[in-house]
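J.: I am attaching a structure below and will ask some questions about it afterwards.
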Amino acid sequence: MRPVSVKDRVAKEKQKHIKGLKGNKLIRHYHNLLKEKSRLVSSHAPVKQIEDVEQQLEAIGIDAYQKASQNGQNNRKGGDSSKILVDWIRTDPNLYPKHRDTRPQQILEIGSVCVDNKCSTCGLFSVTRIDLHSSHPLIQEQDVLMRSPKEGIFDGISCSLVLNFAPPNLRAQILLKCTQLLHPPNPTHPPWFFFVLPAPCVNNSRYMDESTLHSILHRFGFTLRYSSVSKKIAYYLYAYDHPCSTNLSWKKKTVHDGPSRNNFFIPCLSS
Ligand SMILES: C[S@@+](CC[C@H](N)C(=O)[O-])C[C@H]1O[C@@H](n2cnc3c(N)ncnc32)[C@H](O)[C@@H]1O
């Protein structure tokens, strides 16, 4: 029998470790690999290194990642994030005007991994669901950046735990696209934007805190109406009540320093 090389043994151990990952650990590891891949691509690293990360992503598999996300949605404290959205919308006559007509609001759910969450079942909304990788016939497989306003514009958009998943250079583009997919800004009855991030993106990042986040979102036309930050998740509901600025450039500044911080940021469009 041929002896197994150290390299092969290490690779096998790595595979075994990956196969054993579950739940949040799997999601975290998948996100870290995506970050590593985008770092290697932007630093023009050797193809072999990029392929190695791609193989690790494949070994986990997008299906297992999405299953873990669905379970996360079920197990998250307080249920799925759209419960909070529905509570906020129900009580705000400006964001959900009752007198206008009786039709449900048309909403777009970006990064949809299940079709029976609260925003789908509450009866307030007619939901168009999209995801990079559809896990259900009612979820259209589409990159939001490829979506045209001609396919429909919306009263509200839910973007829950998507931006942290997207490569940094696409984050501002996704926000800009959202402004194009909403009805025009309106100060009285504004279209709305429900935005969810892992809490450490806003309370443990070197470059981002809540006030930086809200000032960036404000440039896109979004004004914060409601917020709730738990230990793990940060939920925000913004009103699209003023036009998106023509100047979408801002600086990346250190807001907190320290070794245990992460680097989450939304780089501006021109960087
Ligand atoms: C962590 S899951 C979030 C699932 C769910 N929205 C939640 O709150 O639990 C992130 C999802 O965003 C999707 N996603 C990331 N970038 C996207 C894009 N550009 N267009 C559409 N979906 C995207 C991914 O495919 C993934 O299924």
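J.: If you go through the stretch 27-73, how many residues are surrounded by 16 or more Cβ atoms within 10 Å (Cβ to Cβ), of a type in the set (Val, Ile, Thr) and within 16 Å of the ligand (Cβ to nearest atom)?
T.: Of the residues in the stretch 27-73, 2 are surrounded by 16 or more Cβ atoms within 10 Å (Cβ to Cβ), of a type in the set (Val, Ile, Thr) and within 16 Å of the ligand (Cβ to nearest atom).
J.: Sticking with this structure for a sec: In the list Phe165, Phe193, which residue meets the criterion of being under 15 Å from the mean Cα position of the chain (by Cα), modelled with pLDDT of 95 or more and of a type outside the set (D, E, K, R)?
T.: After applying the criteria, what remains is Phe193.
J.: List the pairs whose first member sits in the stretch 111-126 and is part of a helix (DSSP H, G or I), whose second member is of a type in the set (Gly, Ala, Ser) and at pLDDT 90 or above, and whose Cβ atoms are under 8 Å apart, counting only residues at least 6 apart or on separate chains?
T.: Lys118/Ser82; Cys119/Ser82; Cys119/Ser158; Ser120/Ser82
J.: Regarding Ala166, is this residue without any contact (Cβ under 8 Å) to a residue 24 or more places away in the chain and under 21 Å from Ile266 (Cα atoms)?
T.: So Ala166 passes the test.
J.: Determine which member of the set Ile50, Ile89, Ile62 is at pLDDT 75 or above and closer than 22 Å to Glu141 by Cα.
T.: Ile62
J.: While we're on this one: So is Ile233 over 19 Å from Ala172 (Cα atoms) and among the hydrophobic types (A, V, I, L, M, F, W, C) or not?
T.: yes
J.: Looking at the stretch 200-216, can you tell me whether even one residue there is within 14 Å of the ligand (Cβ to nearest atom) and acidic (Asp, Glu)?
T.: no
J.: Regarding Pro184, is this residue away from the ligand (no atom under 16 Å from the Cβ), assigned to a loop (DSSP other than H, G, I, E, B) and surrounded by 16 or more Cβ atoms within 10 Å (Cβ to Cβ)?
T.: Considered against the rule, which asks whether it is away from the ligand (no atom under 16 Å from the Cβ), assigned to a loop (DSSP other than H, G, I, E, B) and surrounded by 16 or more Cβ atoms within 10 Å (Cβ to Cβ), Pro184 comes out as no.
J.: Are there any pairs, at least 6 apart or on different chains, whose C-beta atoms fall under 9 Å, with the first in the stretch 249-270 and without any contact (Cβ under 8 Å) to a residue 60 or more places away in the chain and the second of a type in the set (Asp, Glu), and if so, which?
T.: Partner pairs satisfying both residue conditions: Val255/Asp209; His256/Asp209.
J.: (1) surrounded by fewer than 18 Cβ atoms within 10 Å (Cβ to Cβ); (2) within 12 Å of the ligand (Cβ to nearest atom); (3) outside any helix (DSSP H, G or I): which one isn't true of Val162, the others all being true?
T.: Tallying (1) surrounded by fewer than 18 Cβ atoms within 10 Å (Cβ to Cβ); (2) within 12 Å of the ligand (Cβ to nearest atom); (3) outside any helix (DSSP H, G or I), Val162 fails exactly one: (1).
J.: Here is a follow-up. If you go through the stretch 127-144, how many residues are within 6 Å of the ligand (Cβ to nearest atom) and either assigned to a loop (DSSP other than H, G, I, E, B) or crowded, with 21+ Cβ neighbours inside 10 Å (or both)?
T.: 5
The values are calculated or read from the model by the stated rules, or taken from the named source; none is laboratory data. Given the structure is predicted, the values throughout are model-derived calculations rather than measurements. So basically every Cβ, Gly included, is an ideal-geometry build from the backbone, and we count neighbours across all protein chains shown.
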